[in-house]
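Written out below as structure tokens is the structure these notes cover.
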Amino acid sequence: MSPKISILAPSFNHENFVGFFIQSILAQSFSDFECIIVDDCSTDRNVQEILKCKDARIKLVQHPYNQGINASLNTAFENASGEYLVFLATDDILEPNALEILHQSLEQNPNAKAIYPQLMKIDKDNQKLEILEVARRSRYELLHHLFMKGNCLTSPGMALRKSDFAEILYPLDRAMCNYQDVQMHIKLLLRGGVVLLDEILVLYRFDERTNNISALNGNTFKRENMEKSKLMDTFLELKNIAGAEELCKSVFSREIKTLNITPNASILEYFLGRVALLSPIGLNRMWGYHQVMESYASKEGAQKLKELYNFEFKDYLKLIESLDEAHTKIYLKYKKYKRAFNATLTLSLVLCILLIALMIKG
């Protein structure tokens with residue numbers, strides 16, 4: 001018989017932690033599960049540590065080359081047979097009653113698209129640091145925060161039905177890295193409500209080497225900037241969801257009052273673009289401006305905006321004011337550096353010519 005729960009566990013270079021993870025899985029009070037660990041071509045002894053476990057419920061799948069977290073989750077899903085799925089990384093640890101509570105919550109909330117537990121941060125030595133609490137918000141509040149500001153949910157221990165994963169999430173976008181879990185949250189919330197538990201069920205491994213300010217100022221920050229537009233595009237899936245207009249009215253009631261416009265399913269990009277222009281996040285506003293641009297680009301689109309919103313070219317020109325001075329500063333800074341570079345290049349060429357002239361004369 002198929003197990004009730006399948007744990008999907010991407011794993012990469014967790015040699016020092018995967019043993020603790022497996023121990024916590026085997027110690028669960030709820031035993032009707034399988035744990036599918038996908039090793040994403042680790043370069044340490046991660047696989048050897050996993051193979052030490054002889055319990056048939058722990059199943060190892062190895063990628064032939066490194067493919068990323070979403071590819072690993074896709075692989076784990078493709079090998080899963082449980083009715084319910086739980087997402088975990090193999091450097092985390094489950095509390096002994098975690099699967100029991102998650103199973104109970106899924107059974108008691110048949111319409112929920114996902115269950116989210118509370119987390120406790122731990123360090124590399126398994127020492128508890130602090131609670132990483134998920135704030136209590138309604139479905140509409142969560143969607144509003146995700147659209148206007150950013151992530152407000154966690155993914156370790158997230159549980160959902162296999163059928164919902166297949167219908168809503170699969171296959172996960174392999175190119176998404178920093179925002180891969182945020183994209184999942186948005187997709188699920190667009191289709192229904194979620195349950196936020198009070199219980200701390202996951203000890204979440206917090207690595208100070210990769211979760212600090214210096215890291216956020218480096219490649220992590222740059223990847224987030226590159227992924228943001230694609231993440232915001234996820235909200236465009238509203239176009240294919242029944243009741244999209246009413247959902248938008250519930251999520252963006254304040255913005256609707258401010259803008260004095262209502263959503264229209266036939267040109268939802270324009271509405272979302274105008275709302276995004278009210279975001280405190282610059283990249284969100286830039287995305288919003290581009291949505292309005294696309295909506296106005298064709299003759300048919302411009303005509304529809306005139307009919308529905310009395311929106312004309314002069315109104316389009318005014319929207320640039322929604323993009324703050326930071327964009328102007330970036331442009332001016334670019335021009336300054338360009339002038340400096342050109343001046344340096346010119347000076348270098350002059351010096352080279354003088355040097356060559358002196359050599360010839362000598």
Worksheet item: GNM, the chain, Cα, under 10 Å: largest mean-square fluctuation among ALA276, ALA297, ALA159?
Response: ALA297
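Give me the extension gain from GLN108 to GLU83: residue separation times 0.36 nm, minus the current Cα-Cα distance, reported in nm with one decimal.
Details: separation 25, 0.36 × 25 = 9.00 nm, distance 1.45 nm.
Taking GLN108 through GLU83 to full extension adds about 7.5 nm, to one decimal.
Would you list THR262, THR234, THR220 from the most to the least accessible area, probe 1.4 Å?
Details: THR262 80, THR234 5, THR220 30 Å².
Accessible-area ranking of THR262, THR234, THR220, largest first: THR262, THR220, THR234.
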Worksheet item: Cα gyration tensor of the chain, axes a ≥ b ≥ c as square roots of the eigenvalues: rounded (a/c below 1.5), prolate (a/b > b/c) or oblate?
Response: oblate
Item to complete: Extending each Cα 7 Å along its Cβ direction at MET226 and LYS124, get the distance between those two points in nm, one decimal.
Response: 2.7
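About its Cα centre, what dipole magnitude does the chain give when the only charges are +1 on Lys and Arg Cβ and -1 on Asp and Glu Cβ, stated in debye to the nearest 20? Walk me through the numbers before you get to the answer.
Numbers: 43 positive and 44 negative charges, 363 e Å.
Computed about the Cα centre, the dipole is about 1740 debye.
Send over a whole-number figure in Å² for the accessible area per residue of the chain, probe 1.4 Å.
Working: 19120 Å² over 362 residues.
Per-residue accessible area for the chain comes out at 53 Å².
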Worksheet item: So for the chain, taking the charge dipole from beta-carbon charges (+1 Lys/Arg, -1 Asp/Glu), which of ALA175, LEU129, ILE58 sits furthest toward the positive end?
Response: ALA175
Practice prompt. Could you work out which residue, out of GLY218, GLY301, GLY288, moves most in a Gaussian network model of the chain, that is, has the largest mean-square fluctuation with Cα springs under 10 Å?
Written response: GLY218
Worksheet, complete the sentence: Here the tail fraction of P(r) beyond 27 Å, over all Cα-Cα pairs of the range 1-152, rounds in percent to 27
Worksheet entry | Mean Kyte hydropathy of -0.5 or more with a Cα span along the axis of at least 24 Å, helices from DSSP in the chain | 325-361
Worksheet, complete the sentence: Of all DSSP beta bridges with both partners in the range 55-209, the antiparallel percent, nearest 5, is 55
Worksheet item: Counting DSSP beta bridges with both partners in the range 1-131, what percentage is antiparallel, nearest 5?
Response: 10
Discussion item. Below 15 Å, Cα to Cα, which aspartates and glutamates can LYS299 reach? Residues fewer than 8 away in the same chain don't count.
Written reply: GLU307, GLU312
Worksheet item: Percent antiparallel among DSSP beta bridges with both residues in the chain, to the nearest 5?
Response: 25
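Just to confirm a number: summing +1 for Lys and Arg and -1 for Asp and Glu over residues other than CYS53 whose beta-carbon lies under 15 angstrom from that of CYS53, what do you get? Don't skip to the answer; put the middle values down first.
On the way: positive: ARG45, LYS52, LYS54, ARG57, LYS59; negative: GLU15, GLU34, ASP39, GLU49, ASP55.
Neighbour charge sum, excluding CYS53 itself: 0.
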Practice prompt. Pull out the extension gain between ASN310 and LYS257, defined as 0.36 nm times the separation in residues minus the alpha carbon to alpha carbon distance; nm, one decimal.
Written response: 17.4 nm
Worksheet item: Quick one: Cα centre-to-centre distance for the range 78-137 and the range 168-200, in angstrom?
Response: 13
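Please give the net charge around LYS314, taking every other residue with its beta carbon less than 15 angstrom from that of LYS314, where Lys and Arg add +1 and Asp and Glu add -1. Before the final figure, lay out the partial values.
Working: positive: LYS306, LYS318; negative: GLU312, ASP315, GLU321.
Counting the neighbours of LYS314, the net charge comes to -1.
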Worksheet entry | Leading residue at positive end of dipole, the chain (Cβ point charges), from LEU203, PHE313, GLY19 | PHE313
Item to complete: May I ask you to derive the FRET efficiency for LEU278 and SER163 from their Cβ-Cβ distance with R0 = 22 Å, giving the value to the nearest 0.05?
Response: 0.05
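The values are calculated or read from the model by the stated rules, or taken from the named source; none is laboratory data. Not measured: the values here are computed from a predicted model. Note: ideal-geometry Cβ built from the backbone for every residue, glycine included; neighbour counts use all protein chains shown. When the accessible area is computed, the model is the full protein with side chains, heavy atoms only, and any ligands, DNA or RNA have been set aside. Shrake-Rupley method; radii C 1.70, N 1.55, O 1.52, S 1.80 Å.
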